Amino acid sequence: MHAAYHLPENFPLAASARRFPALSAPRPADSHKGTFGTLAVFGGAAGMSGAVVLAASAALLAGCGKVWAGFNQATLPVPFIAAFPEIMLDTAHGLARRHDLSARAAGCGLGTNEAARKLLAGLFQTASDTPLLLDADALNLLAQHRDLANAAARYPRLLITPHPAEAARLLGCATADIQADRKTAVRELARRFAATAVLKGHRTLVCGADGAFYENDSGNAGLATAGSGDVLSGIAGSLLAQNIGTFEAACAGVWLHGAAAEVLKASGIGESGLTAGEIAPAARWLRNRMIENKSE
């Protein structure tokens with residue numbers, strides 16, 4: 001069950017479909033689950049299982065064909081996710097051994113213990129042709145361990161999604177310095193890690209490894225809620241798994257995440273009290289409206 005969603009007044013649906021063609025492309029009639037990729041989400045240390053669940057469920061609702069959730073715990077905390085039994089579960093280290101993944105996303109509630117460090121080091125050493133998204137604790141590990149930061153900078157298809165405090169740790173400065181010149185900060189992140197970098201916050205910024213730049217104009221204050229970043233990781237990771245280019249997946253994911261919050265507000269949900277788990281269902285609804293509009 002979901003709420004009855006509504007577009008905000010004067011929402012640029014057709015223009016958005018043209019702006020983000022990967023979000024509005026109709027699915028071929030002969031599609032199967034393999035057509036839309038397999039995403040593995042690594043995170044969920046003890047006490048933080050919800051983070052990886054939020055990311056994995058967002059990935060599923062963003063159109064990924066198959067989704068794995070890998071928990072950084074010795075054993076699985078649950079046999080399956082009740083709300084989304086379609087999501088396949090494994091421990092993070094068990095999942096890291098799979099070779100049938102289209103994209104990987106790591107960091108949501110991952111923790112920064114030795115097990116997390118070893119996991120991240122292993123991800124850099126395997127499947128270098130597979131897009132890799134790093135968020136949250138994965139970024140904190142890069143800031144703490146120079147060898148991991150160096151390995152990240154060598155990884156060929158990398159997407160990093162820090163908030164300002166994480167960006168400050170990565171660049172060795174104060175959060176206030178990041179906020180004082182956000183454009184310079186995101187460009188430096190992209191340069192230093194040879195990656196597509198997303199600097200989250202009001203008017204989230206995206207900079208590609210080649211210098212391509214995007215300033216997001218969607219969203220509202222409802223996104224200032226626990227787990228919102230995990231949902232963004234799931235959406236962007238899902239788009240990577242669907243064989244969308246790294247920069248395009250980052251820009252489209254950021255926009256869709258923010259636009260979903262606008263839909264929720266127009267539908268009477270939020271800004272106050274909006275929960276992260278409400279974002280992905282609204283994003284799914286909006287993406288389908290874009291596809292339908294383009295098909296008309």
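The values are calculated or read from the model by the stated rules, or taken from the named source; none is laboratory data. Computed from a predicted model, the values in this text were never measured in an experiment. Because the Cβ atoms are built from the backbone with ideal geometry, glycine has one as well, and the counts that use them run over all protein chains shown. With ligands, DNA and RNA removed, areas are computed over all heavy atoms of the protein, side chains included. Shrake-Rupley method; radii C 1.70, N 1.55, O 1.52, S 1.80 Å.
Note on the chain: dipole from Cβ charges, positive end direction compared against Thr184, Leu223, Leu148; the farthest Cα belongs to Leu148.
The accessible surface of the chain, taken with every protein chain in place and a 1.4 Å probe, is 52 percent carbon and sulfur. For region 36-135, the percent of C-alpha pairs falling in each 10 Å distance bin, counted from 0 to the bin holding the largest distance, reads 17, 56, 26, 1. Once a ≥ b ≥ c are taken as the square roots of the eigenvalues of the Cα gyration tensor of region 189-269, is the result rounded (a/c under 1.5), prolate (a/b larger than b/c) or oblate (a/b not larger than b/c)? It is prolate, given that a/c is not under 1.5 and a/b is the larger ratio. Taking the Cβ-Cβ separation of Asp30 and Phe213 as r and a Förster radius of 25 Å, what is the calculated FRET efficiency to the nearest 0.05? Computed FRET efficiency for Asp30 and Phe213: 0.10.
For the chain, complete DSSP H runs whose alpha carbons reach 15 Å or more along their own long axis and whose mean Kyte-Doolittle score is 0.0 or higher are 49-61, 114-125, 228-241, 246-266. Taking packing as the residue-averaged number of other Cβ atoms within 10 angstrom, the listed peptides 142-153, 25-36 run from highest to lowest as 142-153, 25-36.
Per residue, the solvent-accessible area of the chain (1.4 Å probe, heavy atoms of protein chains only, all protein chains present) comes to 42 Å².
Here the scattering of region 231-271 is modelled by Debye summation over its C-alpha atoms, one equal scatterer each and no solvent; at q = 0.28, 0.32, 0.35 Å⁻¹ the log10 of I(q)/I(0) is -0.83, -0.96, -1.07. Based on Cβ point charges of +1 for Lys and Arg and -1 for Asp and Glu, what charge dipole magnitude is obtained for region 93-139 about its Cα centre, in debye rounded to the nearest 20? Computed charge dipole of region 93-139: roughly 140 debye.
Largest accessible area first, the residues Lys118, Lys200, Lys66 order themselves as Lys118, Lys66, Lys200 under a 1.4 Å probe with ligands, DNA and RNA left out.
Our estimate of slack between Arg191 and Ala221, defined as 0.36 nm per intervening residue step minus the Cα-Cα distance, is 7.8 nm. Here the contact order of the chain, divided by its residue count and restricted to Cα pairs under 8 Å and six or more residues apart, works out to 23 percent. Sorting 154-163, 70-79, 55-64 by average packing, meaning the other beta carbons within 10 Å per residue, from highest down gives 55-64, 154-163, 70-79.
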